[in-house]
Amino acid sequence: MAITAQDDDESLSDLAQAREAMRKKEFLKAEHICLRMLAQHPTDNDIRHLLSHALVFQSRFTEADSLLKKVLESDTNLAGTYWYMGLSAERQNKNLTAVYHFKKYLAKTANPLNINVSAWLHAASGYRRMMRSEGITTAQFDEMVYLYNHYLEAMPTEVYAEAVRDFLERVKSRKPAPGQKLVWDETSE
C-alpha cells in the first residue's frame, strides 16, 4: 500500500525525511527511516524502492537486488523497479543487465510524460562501456545509437547533450560489420 495524504502525518513526515536524507547523500539515515516505515507498511513499493536506492549507494547490492526482486514478485509492471535494478546493475558494472533493466523501465512506463529520460542515456552508456571492454555487436551498436538519439531528442540542451553528439559523430564510422564486434576505447581515432 502506498503512503498517501490520507495516511497519518508521521508516515508522510518519515517519507519526506527519507527523501531528504537521500538528497543529502545520508544513505544510512535514509535506510533506517525506510526500515522504520517498512515495519508499519511492509508491502509499500515506494518505500522498498527508496530503501533499495539507499542500499545501492552504500554498495550493498545483494540486499538491494533481493529487495527489488521481492517488489517484482508483487508487481512486474511497476516501472520504477526496473529503474532501480538498472542503477544497481550499473553500479556493479553489469552493463548488459543494466541496459536490459533501463530498456524494460522505458517499456513499462505507461505515460511517456512520466519517463525519466536519462534512462535512454543510462542504457546507451551501458553499451558504450561494453564497447570499451568486451565490444558490441552490430545490433548493439545500432541500439546504442538509437538510445542516444532518443535521449538527444528529449533533452537537446541537457548538460551531456553536446558530449553525446560529439561521441555519435566520432563513432558512426566505426559501426562493426555483421558478425564482428566493435572494441574501441575512444582514445584513438
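Since every read-out is calculated from the coordinates, none of them should be taken as a lab result. Bear in mind that the values here come from a model prediction, so they are computed numbers and not experimental data. Heads up, the Cβs are rebuilt from the backbone with ideal geometry, glycines too, and the neighbour counts pull from every protein chain shown.
Angle of helix 9-23 to the longest C-alpha principal axis of the chain, folded into 0 to 90 degrees and rounded to 10: 30°.
For an R0 of 22 angstrom, estimate the FRET efficiency from the Cβ-Cβ distance between Glu186 and Asn149 and round to the nearest 0.05.
Details: r = 18 Å, r/R0 = 0.84.
The pair Glu186/Asn149 has a calculated efficiency of 0.75.
Only Cα pairs under 8 Å and 6+ residues apart enter the sum, and on that basis the relative contact order of the chain stands at 13 percent.
Going by how many other beta carbons lie within 10 Å of each one, how would you line up Val159, Val56, Val117, Val164, fewest first?
Result, fewest neighbours first: Val159, Val117, Val164, Val56.
Compared with the dominant Cα axis of the chain, that is its longest principal axis, helix 45-57 is turned about 60°.
Counting each DSSP H run of 4 or more residues in the chain as -39500 (n - 2.57), what helix-only mean residue ellipticity at 222 nm follows after dividing by all residues, to the nearest 500 deg cm²/dmol?
Values: 9 runs with 126 residues, N = 189.
Taken over the chain, the calculation gives -21500 deg cm²/dmol.
The alpha carbon gyration tensor of the stretch 95-186 gives principal lengths a ≥ b ≥ c with a/c of 1.5 or higher and a/b no greater than b/c, which makes the shape oblate.
Calculate how steeply helix 27-40 sits against the longest principal axis of the alpha-carbon atoms of the chain, using the helix alpha-carbon long axis, and give the answer as 0 to 90 degrees to the nearest 10. In the chain, helix 27-40 runs at an angle near 50 degrees to the longest axis. For the pair Glu63 and Asn77, the difference between a 0.36 nm per residue extended length and the Cα-Cα distance amounts to 2.9 nm.
Taking 0.36 nm per intervening residue step and subtracting the Cα-Cα distance, what contour gain separates Glu158 from Ala16 on full extension?
Numbers: separation 142, 0.36 × 142 = 51.12 nm, distance 2.77 nm.
My answer for the length gained is 48.3 nm.
If you take all other residues with their beta carbon under 14 Å from the beta carbon of Met85, and give Lys and Arg +1 and Asp and Glu -1, the sum is +3.
Against the set (i) 9, 31, 32, 19, 8, 2, 0; (ii) 9, 29, 27, 20, 10, 4, 1; (iii) 9, 25, 20, 15, 12, 10, 6, 3, 0, the structure's computed P(r) over Cα pairs in 10 Å bins from 0, in percent falls on (i). Rounded, prolate or oblate: which fits the stretch 9-75 when a ≥ b ≥ c are the square roots of the eigenvalues of the alpha-carbon gyration tensor, with rounded for a/c under 1.5 and prolate only if a/b beats b/c? Oblate, because a/c is 1.5 or more while a/b does not exceed b/c.
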